[in-house]
2 protein chains.
Amino acid sequence: MDDFVFRNPTKIIFGRGAEAQVGAEAKAFASKVLIHYGGGSVKKSGLFDRVVASLKSAGVACVELGGVAPNPRLALVHEGIALCRKEKVGLVLALGGGSAIDSSKAIAMGVPYAGEVWDFFAGKAELKEALPVATILTIPAAGSEASTASVITNEEGMLKRGFNSELIYPRFSILNPELAFTLPKEQAANGVADIMSHLMERYFTNSRPVELTDRLIEATLRTVIDCAPRVLAKSDDYDAWAELMWSGTIAHNNLLNAGRVGDWGSHDLEHELSAAYDIAHGAGLAVVFPAWMKFAYKHDLARFAQIASRVWGVDNAFMDLERAALTGIERLEGFWQYLGLKVRLSGLGIGAERFGEMADKLSSGGTRQVGNFVKVGKAEALAIYALAL
Amino acid sequence: MDDFVFRNPTKIIFGRGAEAQVGAEAKAFASKVLIHYGGGSVKKSGLFDRVVASLKSAGVACVELGGVAPNPRLALVHEGIALCRKEKVGLVLALGGGSAIDSSKAIAMGVPYAGEVWDFFAGKAELKEALPVATILTIPAAGSEASTASVITNEEGMLKRGFNSELIYPRFSILNPELAFTLPKEQAANGVADIMSHLMERYFTNSRPVELTDRLIEATLRTVIDCAPRVLAKSDDYDAWAELMWSGTIAHNNLLNAGRVGDWGSHDLEHELSAAYDIAHGAGLAVVFPAWMKFAYKHDLARFAQIASRVWGVDNAFMDLERAALTGIERLEGFWQYLGLKVRLSGLGIGAERFGEMADKLSSGGTRQVGNFVKVGKAEALAIYALAL
């Protein structure tokens, strides 16, 4: 087990109707909040009004900024920063999924910073302070509701970059599985691919031994595999959504990488894909991750056989590690296809045309490598994208 | 899944030599700390001196109070409170296992409270504030290093009572598996029984569905079952101690009961046993838990069969739930015996003489029930103690 430091102070308020508690919770941090959200679904569903009512009854004022898109953009972050400064907002409250939350975190980072907020994502500045952030989660997927991460896309060059800091852990996150009932099937499936990818990025490690965290990750994967088809079959299955929503948080709250270094190459490979084609992150991962696995499995056959055996029930795995490893990858692809996900670029209508450009950006022109389990530079990225065709 | 609120802000600093960081961490909370510990082992091992040196180099002064016994006593807590007040201590730093940590938490509760600190344990006062607490763990067992709990024994009537509050979460806990290398085998085995009991108390629940947390608990149990014999066989097996130490924290940091109500009857039954005979908590649990299981298994055969199958590898469990449940209990007993633990009161030299007194205290003279999975009053307590003979 690697040495580690772990702390996750996010307060989770989980259950039916939990959004009614937002006013009381927000009041501890601010007298005015920015409600930051995506499209109109939070208004149509009545969630927005319930949140405003709860804030009002707690004596908390609010301003709003909607319009967050998947792969949230820097321009809207700038708008949010200006609004928070003008309105003297003390807390940024995200209503939605990973995009709304990541955009809220970036706004919170930018408000007290005199320079350009992109500096943090470009690795040119160190974050010293941030406004507090809170979330009401509507999409189990990104895990941003209890994570240190924010991923923002800079329209200038369509650069998609992630940033991590303990300062952007949400102060509280409200998780009500009912809020996911109205999620379109496709978005739900994308979320499942995102959650499973967060788990697998952590799983594929060169750190060892990592026995407890291996088992915890496998436990979470098996739960997701059991519950995902149930929410797709019955969109108001509270029990299954509850397991899935909590799994999504656990998958990304840093507990499951305590003492181990995850890979994260697939996330970088996907970021280039979704930056180039503006597809949903989860949809991109469903294509990239199996391709990465086919590229990487020989690096540690035993680890791939272990996940195949323990998570996918591949039998007789010890007798032929390679066959087990490959069967595990097939089962993952089969499961994702069963959920309606595409596991090949061709299924997304994407060809090889921009592979060179994507591999170039990923590797900063061939000078940078991503990934920890296996190193991925320009040549490796091209090989993996080709495996995804 | 039950509605829940979860927050655990304890900062974990894990790894070889991690105690060297105590000065830098403590400085954020206080300019003077109380170092609170048990016997002389922390001095003999050099740990105490290393801690003082780290504090000194960070400019943090310290006073010390040793002498914490297993089943920590109220009298020493009083002494610690007086010392902290006199010396204007700002942080209570526990060096040791659950007893030193629980005693430190009680001291921290008492310092700012004008009344008698036992009021909190007796349920007669509400905790409003406490000094910050931090820990350097030397015994993987109690999980108190990241828990809301403290258990103290009042010599007057030998009442052993637990208290829970978010205000006594340690601010930071330093976990260095090397510090467990010198632990006597018996204490190590007792710790394993304590960790496994914390996991099983949470496992036996009437809440449902609890799919993810079931699997996470099973994952942690399997890790403990794999690692415990290894540390007993080779006391300096860092890897196995690391898994065991982190499992002990995870077992009791409230993550694994998010969305479920654990039982905790066995803990109450054991508290009476160790209050009466002053045995180690883990040794008592190794006797009480199997007896409780034999008493309780018919309440939910499926759950007992599930743990037997998934944790103990009992085969063909679906075809005969009762046989599987009983086989699971036998395997637990066998495993604990293999670790050198006694699983019967007779093995501890304890007979039925004081059952009436213990059951009376447990049930407050027949007026109180403990446990959530099954209710245990006076008659049930007598039956369970009899099963433990």
Can you tell me which residue is modelled with the highest pLDDT among those in the stretch A:161-204 that are of a type in the set (Lys, Arg) and under 20 Å from A:ILE279 (Cα atoms)? A:LYS185
Single match in B:VAL52, B:VAL42, B:VAL111, B:VAL68 (criterion: in contact with a Cys (Cβ under 8 Å, 6 or more places away or on another chain), assigned by TED's automatic domain parsing to the domain that holds B:LEU167 and closer than 26 Å to B:GLU178 by Cα): B:VAL52
Exactly one condition in (1) under 24 Å from B:SER266 (Cβ atoms); (2) in contact with a helix residue (DSSP H, G or I) (Cβ under 6 Å, 6 or more places away or on another chain); (3) crowded, with 19+ Cβ neighbours inside 10 Å is false for B:VAL210; which is it? (2)
Which ones in the stretch A:39-60 are surrounded by fewer than 22 Cβ atoms within 10 Å (Cβ to Cβ), in contact with a strand residue (DSSP E or B) (Cβ under 9 Å, 6 or more places away or on another chain) and either in contact (Cβ under 8 Å) with a residue 40 or more places away in the chain or not in a helix (DSSP H, G or I) (or both)? A:GLY39, A:SER41, A:LEU47, A:PHE48
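Conditions (1) farther than 30 Å from A:PRO170 by Cβ; (2) at pLDDT 95 or above, marked per residue:
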residue	(1), (2)
B:ASP2	no, yes
B:ALA18	no, yes
B:GLY23	yes, yes
B:ILE35	yes, yes
B:GLY40	yes, no
B:ASP49	yes, yes
B:ALA53	yes, yes
B:CYS62	yes, yes
B:ASN71	yes, no
Regarding the stretch B:164-178, can at least one residue be identified that is within 19 Å of B:HIS267 (Cα to Cα) and assigned by TED's automatic domain parsing to the domain that holds B:ARG50? yes
If B:ARG208 satisfies every condition in (1) at pLDDT 95 or above; (2) of a type outside the set (Ser, Thr, Tyr); (3) assigned by TED's automatic domain parsing to the domain that holds B:ASN257 but one, which is the exception? (1)
Which pairs turn up if I take residues in the stretch B:231-242 that are farther than 15 Å from B:THR220 by Cα and in a loop (DSSP other than H, G, I, E, B) and look for partners that are at pLDDT 95 or above and of a type in the set (A, V, I, L, M) with beta carbon separation below 6 Å, at least 6 apart in sequence or on another chain? B:ASP237/B:VAL231
Hey, any hits in the stretch B:213-227 for a residue that's within 7 Å of chain A (Cβ to nearest Cβ), of a type in the set (A, V, I, L, M, F, W, C), over 23 Å from A:ILE195 (Cβ atoms) and in contact (Cβ under 8 Å) with a residue 40 or more places away in the chain? no
Please go through (1) farther than 30 Å from A:ALA258 by Cα; (2) free of Cβ contacts under 8 Å to residues at least 40 places away in the same chain for A:VAL5 and return the number of the only condition it doesn't satisfy. (1)
Odd one out for A:ARG171 among (1) touching a Pro at 6+ places or on another chain (Cβ under 8 Å); (2) crowded, with 24+ Cβ neighbours inside 10 Å: (2)
Here's a check for you: in the stretch B:205-225, which residue that is in a helix (DSSP H, G or I) and of a type in the set (Val, Ile, Thr) is nearest to B:ALA141 (Cα to Cα)? B:VAL224
Please go through (1) under 21 Å from A:GLY98 (Cβ atoms); (2) more than 14 Å from chain B (Cβ to nearest Cβ) for A:VAL52 and return the number of the only condition it doesn't satisfy. (1)
Residue identified as without any contact (Cβ under 8 Å) to a residue 24 or more places away in the chain, more than 9 Å from chain A (Cβ to nearest Cβ) and surrounded by fewer than 24 Cβ atoms within 10 Å (Cβ to Cβ) among B:ALA296, B:ALA302, B:ALA276: B:ALA302
Odd one out for A:PRO9, checked against (1) over 30 Å from B:ILE13 (Cβ atoms); (2) surrounded by fewer than 20 Cβ atoms within 10 Å (Cβ to Cβ); (3) within 13 Å of chain B (Cβ to nearest Cβ): (1)
Any hit, the stretch A:50-64, residues being within 30 Å of A:MET158 (Cα to Cα) and not charged (D, E, K, R): yes
Selection count, the stretch B:82-116, where residues are in contact (Cβ under 8 Å) with a residue 12 or more places away in the chain and either more than 23 Å from the chain's Cα centre (by Cα) or surrounded by fewer than 24 Cβ atoms within 10 Å (Cβ to Cβ) (or both): 10
Go over the candidates A:ALA75, A:ALA130, A:ALA142 one by one and state the one that is closer than 28 Å to A:ASN190 by Cα, assigned to a loop (DSSP other than H, G, I, E, B) and in contact (Cβ under 8 Å) with a residue 12 or more places away in the chain. A:ALA142
Taking the stretch A:12-38 as the search range and keeping residues that are in a helix (DSSP H, G or I) and more than 14 Å from chain B (Cβ to nearest Cβ), which one is surrounded by the most Cβ atoms within 10 Å (Cβ to Cβ)? A:ALA26
Mind listing whichever residues of the stretch A:22-36 are touching a helix residue (DSSP H, G or I) at 6+ places or on another chain (Cβ under 7 Å) and hydrophobic (A, V, I, L, M, F, W, C)? A:VAL22, A:ALA26, A:VAL33, A:LEU34, A:ILE35
Looking for whichever is in contact with a Leu (Cβ under 8 Å, 6 or more places away or on another chain) and surrounded by fewer than 20 Cβ atoms within 10 Å (Cβ to Cβ) here; the options are B:GLU129, B:GLU166. Which one fits? B:GLU129
Being modelled with pLDDT under 95 and under 18 Å from the mean Cα position of the chain (by Cα) narrows it down to one of A:ALA286, A:ALA276, A:ALA251, A:ALA280, so name that one. A:ALA280
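The values are calculated or read from the model by the stated rules, or taken from the named source; none is laboratory data. Computed from a predicted model, the values in this text were never measured in an experiment. Note that we place each Cβ from the backbone using ideal geometry, even for glycine, and neighbour counts take in every protein chain shown.
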